1. Could you rank the peptides 145-152, 266-273 by their average count of other C-beta atoms within 10 Å per residue, with the highest value first?
2. What spacing in nm lies between the two simple spin-label points modelled at R277 and R305, each 7 Å away from Cα in the Cβ direction?
3. Hey, got a sec? Which GluC sites (Glu not before Pro) in region 78-134 land in a DSSP loop and have at most 13 other Cβ atoms within 10 Å?
4. Let me cross-check L95: its accessible surface, 1.4 Å probe, with only protein heavy atoms counted, in Å² to the nearest 10?
5. Sorting T108, T309 by accessible area (1.4 Å probe), largest first, what list results?
6. Amide H neighbours of V73 under 5 Å, counting only residues 5+ apart in sequence or on other chains, H built in-plane at 1.01 Å?
7. Report the calculated FRET efficiency for H258 and R68 (r = Cβ-Cβ distance, R0 = 41 Å), to the nearest 0.05.
8. Once you have the Cα-Cα distance between E316 and R126, take 0.36 nm times their residue separation minus that, and quote the gain in nm to one decimal.
Amino acid sequence: MSQESSSGTATDTPSQAPSASPRAIRKLSARRRPEVVAVLLFSGGPIFESSIPLSVFGIDRQDAGVPRYRLLVCAGEEGPLRTTGGLELTAPYGLEALSRAGTVVVPTWRSISQAPPPEALDAIRRAHEEGARIIGLCTGAFVLAAAGLLDGRPATTHWMYAPTLAKRYPSVHVDPRELFVDDGDVLTSAGTAAGIDLCLHVVRTDHGAEAAAALARRLVVPPRRADWQTGQRHLDRSLPEEIGADPLAEVVAWALEHLHEQFDVEALAARAYMSRRTFDRRFRSLTGSAPLQWLITQRVLQAQRLLETSDYSVDEVAGRCGFRSPVALRGHFRRQLGSSPASYRAAYRARRPQDDPERPERPEHRADRPERPAAGPEAAALRGGAPGIAGRAQVLAAPAKGPAKGPAKGDPDAFTPGGRVPEQPGRADVPDGAARARLRSARGLGAALPGPRDRPVG
């Protein structure tokens, strides 16, 4: 029977993932001032992410009890700098101004497939060597990784780009479940609004909880978004685009077509004509993730869909998703989504009409059969509405930290938080037929949108 490790227990606040060992933070160079914050802008960046540090650190709010920072907006390359909306920006400073900053913020990077300018990377490395705190918001983590500042460190980024970050920089310990990661002198945040959470954390670290709370009130945001850990969780199915041209795409498609069957990673390796060790290595090198956790995540996603769109009991859902027992389903579901299957269904239906046309009827719920009245704690939750999990899941959940515990290797019902990034089915194109249609449908919203490299980051 599967057991959830203690490392997967939710906390009250977004965790700041610690380093493997304590890091000695360099003393700030004499020419750098701790109150000076340099924001490094590049052309092609979304204006929202770019404006977050400008709003937090660039406006005088001393009347509200928020200590003042001195903001330096710096161009990371030759101008003019254009945002994704076509606006042109003129930064008052260049890279030379980074030499005065005690904190350097990279709010975004225009394309995860492009390398940042070498001059900007050199300036960031020099700032870090002289004791400056370096912050990457959203896809700004790719700039920090390109500068080598994330090697051997925990980090996060937008969930959609986390698999690519892990694959491209395998020495970075990517955890997209976190809103932000504070590793001492290098900090990263997840996508878009999570940049506000990290900036508030920086103010809290510098000037205390009262100053951060005052700033949060002015910004009309919560000082801490505890619900990320204790309430709503989401999953995603994305994989790096490179899998589309790889033979493993056919194995992924087959697995998605047969989730209702009980098979393990050994079966997938056999279909790929590889040994288990070779298959694990190829899958991880391609995706930055372990195939076992990917398989578990797909079964949880299938269970989530059935809970939303059918009236099957939890036991029936477990069988239709390939779990060996309802206990295994409940354990994995709670571990990845922070809720029991029954509570998730109750909360989902509390937000949607019971006569939702998207939810198919079971045979026993047709007009020629009387519908049994709901009873028990689930019915009470349905009547009163359950807080916490709500809405269709679209974002990715990471495996828990810590050593793997549970049944033997290869058991898809085992709790094995392996890999740095949760594994999901991908955006790959596979051979024609039902398998190809299945893989495309698994992309969710991504099937109707451009790929990550074709649309604005963040």
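1. My ranking of the peptides, most packed first, is 145-152, 266-273.
2. Spacing of the two 7 Å Cα→Cβ label points: 3.6 nm.
3. Sparse-neighbourhood loop GluC sites (Glu not before Pro): E78.
4. 40
5. Numbers: T108 10, T309 35 Å².
Of T108, T309, the descending order of accessible area is T309, T108.
6. V39, Y93
7. The pair H258/R68 has a calculated efficiency of 0.10.
8. Stretched fully, the E316-R126 segment lengthens by 62.6 nm.
The values are calculated or read from the model by the stated rules, or taken from the named source; none is laboratory data. Everything numeric in this text was worked out from a predicted model, so none of it was measured. Note that each Cβ is placed from the backbone with ideal geometry, even for glycine, and that neighbours are counted across all protein chains shown. Ligands, DNA and RNA are excluded from the accessible area calculation, which covers all protein heavy atoms including side chains. Shrake-Rupley method; radii C 1.70, N 1.55, O 1.52, S 1.80 Å.
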